[in-house]
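The values are calculated or read from the model by the stated rules, or taken from the named source; none is laboratory data. Just so it is clear, the structure is predicted and the values come from calculations on it, not from any experiment. Cβ placement follows ideal geometry from the backbone for every residue including glycine, while neighbour counts extend to all protein chains displayed.
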Amino acid sequence: MIVANKIEKGGPIQGFLTLESSTLMENSSDITWSVIERLLSGDANPHPQSSIWVPQPEFCTHSQNVLRSLNAHQLDVWHTFRPAVLAFERARITTYLAQSAGPYDLAICVPTRQRIESLALLAHAWLNLKPNGRLLFACSNDQGARGYLSYLKEVFPELEAESKSKCRYAILQTSHITHPDILKSWVQAASPQKIPGCELVGVPGIFGWNKVDRGSELLMEVVPPLKGSGADLGSGYGYLSHAVLTRSPEVTNIHLIEAEARALDCARLNLKDFTDRCHFHWQDVTKESTPQQLDWVVMNPPFHEGQSTNSQLGQFFIDVAARALKPGGDLYLVANKFLAYEDILDRHFKSKTRLIEKDGFKVIHAQR
């Protein structure tokens, strides 16, 4: 069965720096979760003590309402993004880092921003339902509902979609699966895989999972051999750290600090030859303290909240780097040319030098 409805009210996921804000503006994710909230009070209401799996929910007003309403059940909220995890914790909603294999009475899936990852979550949920279990899928039209429904029809050809305006949703059952091999292929497609052009691995759902970022390449073209103790802020799957350790035998240790746990898992694989010098930190640098008295920091800081550009993210990373460095310590960063980081660098560092400007990027060396 698939139905849809028009929902006109809601509030949004918060950005990287504002996840715990009490003022949540309307956005598509919150509208989607308001649909789920309505369903759970009607046709999709779970029976008492149901086992329920919710993977990677956005932090927004209605997701909080939904998860709180399910607290009396055996609720397993799987999340790997540290800022969201901390925000849910502050809202008294427990999340888990390990992905459960169920079986579940109910799974609630809203697509993430990455299609391959989202299909794998749907497949995992559907394949791990109890015999009479149900999968509740919901997605707003502007986040790709039509495309996801076409994928679901590959598994359940009889699926008939109805929609009204902003959101579509489906309540599916184990018995609806007619092509489980397709679901298994979705799971396999989201496993760690080699990145073209290098020996490292990435996984769908993390930033730049299937490529080497051009800015990071440029940064490593001009960073000299380093020594002592340092950090890779926003380390991702470990490209910068791998490059530093490969060319810098005098580096004693490096702290990889990353908000996405799955990216850190990839980094552990990618840096297996350097594990004695690596320390992995699953942290939100905007909320949690980082190692101090460092000799150097390398970084390609984030500057997006969802689809929106937010230069404050990079500025915050620069502030964190400045506080982490010892006097005389070195910061090497790459950024898009249009991002105005020079003023905050001048406030925190005694000198700065633009090492290279190319392909829309700038690489800057600043000394504390």
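Table for the structure above
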{"read-out": "Matching residues, region 193-232, being assigned to a loop (DSSP other than H, G, I, E, B), closer than 27 Å to Glu250 by Cα, at pLDDT 95 or above and not charged (D, E, K, R)", "value": "Leu200, Val223, Pro224, Pro225, Leu226"}
{"read-out": "Qualifying residue in region 35-53 (condition: closer than 21 Å to Thr286 by Cβ and either assigned to a helix (DSSP H, G or I) or of a type in the set (Ser, Thr, Tyr) (or both))", "value": "no"}
{"read-out": "Any hit, region 174-181, residues being of a type in the set (S, T, N, Q), under 16 Å from Leu129 (Cβ atoms) and in contact with a Gly (Cβ under 6 Å, 6 or more places away or on another chain)", "value": "yes"}
{"read-out": "Every residue from region 238-271 that is touching a helix residue (DSSP H, G or I) at 6+ places or on another chain (Cβ under 9 Å) and of a type in the set (Ser, Thr, Tyr)", "value": "Tyr239, Ser241, Thr246, Thr252"}
{"read-out": "Qualifying residue in region 129-144 (condition: acidic (Asp, Glu) and more than 20 Å from the chain's Cα centre (by Cα))", "value": "no"}
{"read-out": "Selected residue (only one of Ile93, Ile108, Ile116 is modelled with pLDDT of 95 or more, of a type in the set (A, V, I, L, M, F, W, C) and in a loop (DSSP other than H, G, I, E, B))", "value": "Ile93"}
{"read-out": "Evaluation of His242 against (1) of a type outside the set (A, V, I, L, M, F, W, C); (2) assigned to a loop (DSSP other than H, G, I, E, B); (3) within 18 Å of Gly215 (Cα to Cα); (4) over 18 Å from the mean Cα position of the chain (by Cα) (one fails), failing number", "value": "(2)"}
{"read-out": "Single unsatisfied condition, Ser63 versus (1) of a type in the set (S, T, N, Q); (2) under 24 Å from the mean Cα position of the chain (by Cα); (3) assigned to a loop (DSSP other than H, G, I, E, B)", "value": "(3)"}
{"read-out": "Matching residues, region 147-180, being among the charged types (D, E, K, R) and either buried (at least 16 other Cβ atoms within 10 Å of the Cβ) or not in a helix (DSSP H, G or I) (or both)", "value": "Glu158, Glu160, Glu162, Lys164, Lys166, Arg168"}
{"read-out": "Options Val85, Val77: the member that is closer than 25 Å to Asp284 by Cα, assigned to a strand (DSSP E or B), touching a Ser or Thr at 6+ places or on another chain (Cβ under 9 Å) and at pLDDT 95 or above", "value": "Val77"}
{"read-out": "Only listed residue being surrounded by fewer than 20 Cβ atoms within 10 Å (Cβ to Cβ), among the β-branched types (Val, Ile, Thr) and outside the structural domain of Pro103 (by TED's automatic domain parsing), chosen from Val223, Val203, Val212", "value": "Val212"}
{"read-out": "Any hit, region 281-292, residues being out of contact with any His (no Cβ under 8 Å at 6 or more places or on another chain) and either assigned by TED's automatic domain parsing to the domain that holds Tyr96 or over 30 Å from Glu58 (Cβ atoms) (or both)", "value": "yes"}
{"read-out": "Segments classed as strands (runs of 3 or more DSSP E), wholly inside region 255-361, with at least 1 members that are crowded, with 16+ Cβ neighbours inside 10 Å and among the hydroxyl-bearing types (Ser, Thr, Tyr)", "value": "325-336"}
{"read-out": "Verdict on Ser235 being part of a helix (DSSP H, G or I), at pLDDT 95 or above and surrounded by 20 or more Cβ atoms within 10 Å (Cβ to Cβ)", "value": "no"}
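So that you can scan it fast, the table gives a plain yes or no per residue for (1) under 18 Å from Phe81 (Cα atoms); (2) free of Cβ contacts under 8 Å to residues at least 40 places away in the same chain:
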| site | (1), (2) |
| --- | --- |
| Val203 | yes, no |
| Val212 | no, yes |
| His242 | no, no |
| Leu256 | yes, yes |
| Met299 | no, no |
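Conditions tested, residue by residue: (1) buried (at least 23 other Cβ atoms within 10 Å of the Cβ); (2) among the acidic types (Asp, Glu).
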position: Thr95; (1), (2): no, no
position: Gly102; (1), (2): no, no
position: Asp105; (1), (2): no, yes
position: Leu135; (1), (2): yes, no
position: Ala145; (1), (2): yes, no
position: Ile182; (1), (2): no, no
